[in-house]
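The values are calculated or read from the model by the stated rules, or taken from the named source; none is laboratory data. No experiment lies behind these values; they were computed from the predicted model shown. Cβ atoms come from the backbone with ideal geometry, glycine included; neighbour counts cover every protein chain shown. Side chains included, ligands, DNA and RNA excluded: accessible areas come from the protein's heavy atoms. Shrake-Rupley method; radii C 1.70, N 1.55, O 1.52, S 1.80 Å.
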Amino acid sequence: MSSDVAHAVSGGMLLGELLLAEGLIGAADLERALELQARIGGRLGGVLMRIGALSEDNLIQVLGRQLELPVMGQDVPVPDEDAVRLAAAQAPGGLDWLLDQHVLVWRQDEHTLYCAARDPLSSPLREAVGHAFPGQQIAWCLCRSQDLERMLDALARTTDDGDGGDARHLREMAEEAPVVELVSNLMAQAVEQRASDIHVEPEERQFAVRFRIDGVLHTRLRLPRERFSAVASRLKLISGMDIAERRLPQDGRLSTRVGGQEMDIRVSALPGVHGESIVMRLLPKERKELGLERLGFEADHLALMQEWTREANGIVLVTGPTGSGKSTTLYAALAAANDGLKKIITVEDPVEFQLPGITQIQAHPEIGLTFAHALRSILRQDPDVIMIGEIRDLETADIAVQAALTGHLVLSTLHTNDAISAFTRLVDMGVEPFLVATPVRAVQAQRLVRRLCSCARPTQVPAPLHEEAAAMAARVLPGIEPRWMEAVGCPQCLGTGYRGRLGIYEMIPVSERMQHLIVSGASVNDMKAQARAEGHRFLRDDGLLKAWQGLTTAEEVLRVVGT
């Protein structure tokens, strides 16, 4: 719902006091909202949502208890279209009147008429509904604005496809209150549910909103296609894109406060057959997981990574596909290397979040500030440690090699499926094999697996899988008994059985024997066999060790690394 009351029922607490008491907002947020409310008017809860201090879901829960009203979709089932149309037939103005009033009416039983509206406490609206349905027992409900709009849009069945109009029309649509509210609520829900990305995907007759939570996409909302242009225009407007350009890809970004958190949001719009697919990457400005010990390393891997960050020179590579946590690992490694005695410079695209005591450079290829161009200037800044966001081409790779050979520690990422493939990838780029073998100190590959929620329960795994993990655990985790678990699902984890993620790793130091294999052009399989002979484990091994300890499930490990 878009509004609420600022006062509790007679003798109760004020809404602001209730929200403070439940820890949903801070005192500074309340003071700011009250000041804004005094200037622009409106309901307190609506103002709190507008400044990003409170999500609509939390607001409705508190209002439901405060006003003793049921919540649609929780205490009262969401009605279907037929039930609303049947009830609307009894109103003097029919369905058109309900759409004009932005109100839903339906029957759950013979005796009660349920009503949901944008402002169910509006006296004029209550009187109008009472006149329209004389002698009826009416029960008012609270509901989320997106649920109300979805139902009203489905009922309207408008034939306007919403794709026409110039920039002025698109801007007007983007600034309409329901659209502003819908977009704000979607972002607040995504933050509350720990989503890393929001996907807005148009289809022929509708569009879907999906959240990527713990690496997996979950559909959260489907709305009629007619609403898409307004939502897309709103997202493009707030992220600094050209709202009238729908034929070319665009990128934008914004900084805002969502759900009580300061967020950087990167937005990408890509034209498709049915309209622009829009993806928002949510990046909290404050992150607490920067310590290497918080990333899921086993003790031996943690010791290796700490040793690598203390190297005086050389290249340390972190590999893996997009979304595998490479940047977080690099940031944690930089934090570990930052002892106050070193000059540390990074060149990134983009700078995901800022680290104190470190010079960070944002690459801008469109004006010629590429990784390679920035690196040449960085080397004149007397750095000790250099972090390159990604080695993408031969020019960048050559400069990184030269920097490592001249006494600098270089940290970077590379897109490969495993650690060993990093050597062949650099050679494929055009780097001479001896220039790969000499400066590269170590390569790490990683993936992210979902961490089990507290609702997990013990289980058994097939004997071959158990024996495979047992052999590894005997060497790495001596004395640790197996705790095989399976996902269950509860409200806390949104029924998925998982909550949060942790890394699984393979870490390959470059030994003299490995250097010889690289220079001689040995195959990836030969290098993997050498790594295994040296006692190093691969992604599957490390993942099964996590499942052995009950941190994740064997099924999740196999889903991520393959069977």
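Ranked highest first by the average count of other Cβ atoms within 10 Å around their residues, in what order do 57-65, 549-557 fall?
Answer by packing, highest mean first, reads 549-557, 57-65.
Order the following by accessible area, largest value first: R144, R247, R451. Probe radius 1.4 Å; ligands, DNA and RNA are ignored.
Accessible-area ranking of R144, R247, R451, largest first: R247, R451, R144.
Using unit Cβ charges (K, R positive; D, E negative) and no other charged atoms, how large, in debye to the nearest 20, is the dipole of segment 1-140 about its Cα centre?
The dipole magnitude comes to about 340 debye.
To check you understand DSSP bridge types, tell me what percent of the beta bridges within segment 30-186 (both residues inside) are antiparallel, rounded to 5.
Within segment 30-186, antiparallel bridges account for around 40 percent of the total.
Let me check something: with ligands and nucleic acids excluded, how do Y505, Y114 order by accessible area (1.4 Å probe), largest to smallest?
Y114, Y505
Treating the angle as unsigned and between 0 and 90°, give the value, to the nearest 10°, between the Cα long axis of helix 56-67 and the longest Cα principal axis of the chain.
Tilt of helix 56-67: around 40 degrees.
In debye to the nearest 20, how big a dipole does segment 365-418 give about its Cα centre with +1 on each Lys and Arg Cβ and -1 on each Asp and Glu Cβ?
Taking the Cα centre of segment 365-418 as origin, the dipole is about 140 debye.
For the chain, find the longest principal axis of its Cα atoms and tell me its angle to the long axis of helix 463-476, 0 to 90°, nearest 10.
Tilt relative to the chain: about 60 degrees.
Could you sort the peptides 341-347, 209-215 by per-residue average Cβ neighbour count (10 Å cutoff), highest mean leading?
209-215, 341-347
With a 1.4 Å probe and every protein chain left in place, work out the accessible area per residue of the chain in Å², rounded to a whole number.
Heavy-atom SASA per residue in the chain reads 45 Å².
So for the chain, taking the charge dipole from beta-carbon charges (+1 Lys/Arg, -1 Asp/Glu), which of W140, I399, M527 sits furthest toward the positive end?
M527
Given the DSSP H assignment, sum -39500 (n - 2.57) over each helix run of at least 4 residues in the chain and divide by its residue total; what's the result at 222 nm in deg cm²/dmol, nearest 500?
Computed ellipticity for the chain at 222 nm equals -11500 deg cm²/dmol.
Shape of the chain from its Cα gyration tensor (a ≥ b ≥ c, root eigenvalues): rounded if a/c is under 1.5, otherwise prolate when a/b > b/c, or oblate?
Verdict is prolate for the chain.
Projected onto the charge dipole of segment 333-385 (+1 at Lys/Arg Cβ, -1 at Asp/Glu Cβ, origin at the Cα centre), which of A363, L379, T346 gives the Cα projection farthest towards the positive end?
L379
Tell me, what % of the accessible area of the chain is carbon and sulfur with a 1.4 angstrom probe?
About 49 percent, which is the carbon plus sulfur part of the accessible surface.
Take every DSSP beta bridge whose two residues both sit in segment 251-383, then give the antiparallel share in percent to the nearest 5. Please list the in-between numbers first.
Values: 19 of 23 bridges.
Percent antiparallel among DSSP bridges in segment 251-383 is about 85.
Taking a ≥ b ≥ c as the square roots of the eigenvalues of the Cα gyration tensor of segment 432-563, is the shape rounded (a/c under 1.5), prolate (a/b larger than b/c) or oblate?
Prolate, because a/c is 1.5 or more and a/b exceeds b/c.
Where a Cα-Cα gap under 25 Å defines reach, which lysines qualify for K343, not counting those fewer than 8 residues away within the same chain?
The reachable lysines, counting only those whose Cα sits under 25 Å from K343, are K285, K288, K326.
Just report the Cα centroid separation between segment 387-465 and segment 299-331, whole Å.
Between the Cα centre of segment 387-465 and that of segment 299-331, the gap is 8 Å.
Sort T329, T496 from largest to smallest accessible area, using a 1.4 Å probe on the heavy atoms of the protein chains.
Per-residue accessible area, sorted high to low, gives T496, T329.
If packing is taken as the average number of other Cβ atoms within 10 Å across a peptide's residues, how do 384-393, 463-472 rank, most packed first?
384-393, 463-472
Using DSSP, restrict attention to beta bridges with both residues in the chain and report what percent are antiparallel, rounded to the nearest 5.
65 percent
What cysteines in the chain have no other cysteine with a beta carbon less than 4.7 Å from their beta carbon?
C115, C141, C143
Note down the magnitude of the dipole of the chain about its Cα centre, charges +1 on Lys and Arg C-beta and -1 on Asp and Glu C-beta and zero elsewhere, to the nearest 20 debye.
My answer is approximately 780 debye.
Shape of segment 304-381 from its Cα gyration tensor (a ≥ b ≥ c, root eigenvalues): rounded if a/c is under 1.5, otherwise prolate when a/b > b/c, or oblate?
Oblate.
Quick check: the distance between the Cα centres of segment 30-89 and segment 201-274, to the nearest angstrom?
Taking the Cα centre of each part, segment 30-89 and segment 201-274 sit 23 Å apart.
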